[in-house]
Amino acid sequence: MTGKGEVLKSSDELLHEPTGKYLLRTDNTHELQAIPLYNLEAAAGLVELFQHYDENKPIDFLSIPNLPKCDGAVFVTGDSMYPLLKSGDIVVYKQVHNVDDGLFWGEMYLVAIDVDGDEYISVKYIQKSEIGDDYIKLVSQNAHHQPRDVRKDRIRALAMVKASVRINAMK
């Protein structure tokens, strides 16, 4: 438009989809990886799971081609992200080690928050809070669940959701 710079993006910056569309590449994908599936109840919570991966035995492994590097997967409980996610779905995650530098606003996260000494685990979108930089806003997909501002220092464990799996099978 300005007559300066390249007209087209380089092929390294683009990812071709089967639909013929081009998307910007945001993650390096792995052709195949074994992603451990954990039972959060057996692991005694997300914090315990993240701190002691080696002691928590996975209940199974997922193998999904062309995903970015993932640390694990867990079952979803609750309806706060319905209809996008429903109870029983599986979310595949990559752990975030630094809350201040590791957040991508508007993305979906698996989050464990300290609520009066108890660990509250949920899947939510994380947005910037209007209260200030020491807070984040947790937002549900389900309109029946109100957004909630939480102090960053109450976050005990955090992981970005990289994929979800829904099994639609009749027994």
Hits in segment 33-43 (condition: in contact (Cβ under 8 Å) with a residue 24 or more places away in the chain and open to solvent by 40 Å² or more (accessible area, probe 1.4 Å)):
Ala34, Asn39
If you go through segment 142-151 one residue at a time, how many are touching a Ser or Thr at 6+ places or on another chain (Cβ under 7 Å) and either under 19 Å from Gly78 (Cα atoms) or aromatic (Phe, Trp, Tyr) (or both)?
2
With a cut-off of at least 1 residues that are touching a residue at least 40 places away in the same chain (Cβ under 8 Å) and open to solvent by 20 Å² or more (accessible area, probe 1.4 Å), name the strands (runs of 3 or more DSSP E) lying wholly within segment 56-171.
60-62, 90-95, 108-115, 118-128, 155-165
Please find, within segment 44-54, the residue that is most open to solvent (accessible area, probe 1.4 Å) out of those that are outside any loop (DSSP other than H, G, I, E, B) and at pLDDT below 80.
Asp54
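The values are calculated or read from the model by the stated rules, or taken from the named source; none is laboratory data. Here the structure is a predicted model, which is why all the values come from computation and not from measurement. For neighbour counting, all protein chains shown are included, and Cβ atoms are generated from backbone atoms with ideal geometry for every residue, glycine included. Just so you know, the surface numbers come from the protein's heavy atoms only, side chains and all, with ligands and any DNA or RNA stripped out. Shrake-Rupley method; radii C 1.70, N 1.55, O 1.52, S 1.80 Å.
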